[in-house]
Amino acid sequence: MHWPVPPALVQATLPPGVEVDTRDGQAYVGVVPFRMADVAPRLVPAVPGLSAFPELNLRTYVRVNGESGVWFYSLDVTQPLAAALARTFFHLPYRQARMWVDRQGGVTRYASVRTDLRTGPGAFAGAYRPVGPPLSPAPDSLEAWLTDRLRLFSADPAGRVYRGQIHHRPWPLRRAQAEIRVNTLGAAQHFDLSGAPHLLHAGRLDVTAWWLERVR
């Protein structure tokens, strides 16, 4: 779910060295609910109760030294140990939340209330489903611009910026329909996410992520 947001408003939330990325002069902020499964370091088996959990992201798109990537404002999860490890090793603002997810008949119902308020309060509740045939977005389309991001950036408490590489096959995208009942995830950044968003749905996708490296 993506909403257009004034670039200057997004830039004001970013640390030095990180520039807002825009398309046709417009920045975008996304809310992405999904479920993680089989999360584990390479060559290490997944651990029941630790390696599968719902996750809800608030994100935007940035450039660092000419490279484009994703910037996360919050990553809400139910698993406190996974959140602590990700904060430590990836400098990402993972936060614990109470979350509920149910999927029936192709419709996903999703609700989350953040309980770790270090990035401010945040709640989401809604239902969504895919519609229409699979998409093959053109490289210059908005759909590709919003999703074809194989890099993330983060910053530690001292403001040092890091880059993480990600690998996966193209997103299995379809159009989507959604009914959003509650969405206060962007309130701490003063983002207005109340209008009708641009919607896409993705099926299962296997992802490999590498350890961070410092951006000089």
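The values are calculated or read from the model by the stated rules, or taken from the named source; none is laboratory data. Just so it is clear, the structure is predicted and the values come from calculations on it, not from any experiment. Please note: Cβ atoms are built from the backbone with ideal geometry, for glycine as well, and neighbour counts cover all protein chains shown. SASA here: full protein model, heavy atoms, side chains in, ligands and nucleic acids out. Shrake-Rupley method; radii C 1.70, N 1.55, O 1.52, S 1.80 Å.
Quick look at the values:
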item	result
Burial ranking of peptide ranges 162-171, 176-185, 145-154 (average Cβ count within 10 Å, highest at the top)	145-154, 176-185, 162-171
Rh by Kirkwood over Cα pairs, then Stokes-Einstein D for the chain at 1.306 mPa s and 10 °C, µm²/s	89
Residues with amide H under 5 Å from that of R35, placed H, sequence gap 5 or more	E55
Where the chain is the region considered: accessible area per residue in Å², 1.4 Å probe	54
